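Colleague: Quick one: the structure is below, questions incoming.
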Amino acid sequence: MTDAETTPGAPLPRVLCDTESLISDYSTPAGALWRLAESGRQLDANLIRIPPRGRIDTHIEPDLDVLLLVVAGDGTLGPAADPQALAPGSLVWLPHGSERSLVAGTSGLSYVTVHRRRPGMQIRTRSST
């Protein structure tokens, strides 16, 4: 098979968004600016903005490891006992079961998260035992 050939019906790599233009549009001041929504995917990814001095309180993700890539702004990764500075280009591993928090700096904080996709909820019938 040559580079120009592909398997019929196979998904093709493609550019999904321009994070630079999304983070420069301040009409959405906080929250998810973009989400991976392609069908059949094995991953979830989000582009998140926290406003200046905003925060995501301390929490624990019990099931999923998460990669976080800072794309704009600055902030601090917790826990409070061991705060770590974040700046554009910071690549962070948040292992499942770890305590974490985020506090944005004076210019806010924008970052991309990537993790394994959670399975959808399923409705099941009760077993009669």
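The values are calculated or read from the model by the stated rules, or taken from the named source; none is laboratory data. These numbers come from a predicted model, not from an experiment. Here the Cβ is made from the backbone with ideal geometry for all residues, glycine too, and neighbour counts use every protein chain on show.
Colleague: For segment 21-43, name all the residues that are modelled with pLDDT under 85 and under 14 Å from TYR111 (Cα atoms).
Modeller: Correct list: PRO29 only.
Colleague: Another one. I'm trying to understand the selection: among the residues of segment 86-97, which are surrounded by fewer than 12 Cβ atoms within 10 Å (Cβ to Cβ), within 13 Å of TYR111 (Cα to Cα) and among the small types (Gly, Ala, Ser)?
Modeller: Selection gives GLY89 alone.
Colleague: If you don't mind, another one. Return the residues of segment 86-107 that are assigned to a strand (DSSP E or B), of a type in the set (Gly, Ala, Ser) and modelled with pLDDT under 95; say none if nothing qualifies.
Modeller: In the first step, residues of segment 86-107 are kept if they are assigned to a strand (DSSP E or B); the result is 86, 91-94, 99-107.
Filter once more, keeping what is of a type in the set (Gly, Ala, Ser): 101, 104-105, 107.
Selection gives SER107 alone.
Colleague: Hey, among LEU69, LEU47, LEU36, which residue is without any contact (Cβ under 8 Å) to a residue 40 or more places away in the chain and either hydrophobic (A, V, I, L, M, F, W, C) or in contact with a Ser or Thr (Cβ under 8 Å, 6 or more places away or on another chain) (or both)? Break it down stepwise before answering.
Modeller: Details: LEU69 fails: without any contact (Cβ under 8 Å) to a residue 40 or more places away in the chain; LEU47 fails: without any contact (Cβ under 8 Å) to a residue 40 or more places away in the chain.
Being without any contact (Cβ under 8 Å) to a residue 40 or more places away in the chain and either hydrophobic (A, V, I, L, M, F, W, C) or in contact with a Ser or Thr (Cβ under 8 Å, 6 or more places away or on another chain) (or both) holds for just one of LEU69, LEU47, LEU36, which is LEU36.
Colleague: Now for a separate question. Take THR7 and decide whether it is among the hydroxyl-bearing types (Ser, Thr, Tyr) and in contact (Cβ under 8 Å) with a residue 12 or more places away in the chain. Before you say what the answer is, go through the steps one by one.
Modeller: Details: among the hydroxyl-bearing types (Ser, Thr, Tyr): yes; in contact (Cβ under 8 Å) with a residue 12 or more places away in the chain: no.
It is false that THR7 is among the hydroxyl-bearing types (Ser, Thr, Tyr) and in contact (Cβ under 8 Å) with a residue 12 or more places away in the chain.
Colleague: Here's another thing I want to ask about it. Quick test for you: out of ARG116, ARG53, ARG49, pick the one residue that is charged (D, E, K, R) and modelled with pLDDT under 95. Walk me through it before giving the result.
Modeller: Values: ARG53 fails: modelled with pLDDT under 95; ARG49 fails: modelled with pLDDT under 95.
Within the list ARG116, ARG53, ARG49, the selection yields ARG116.
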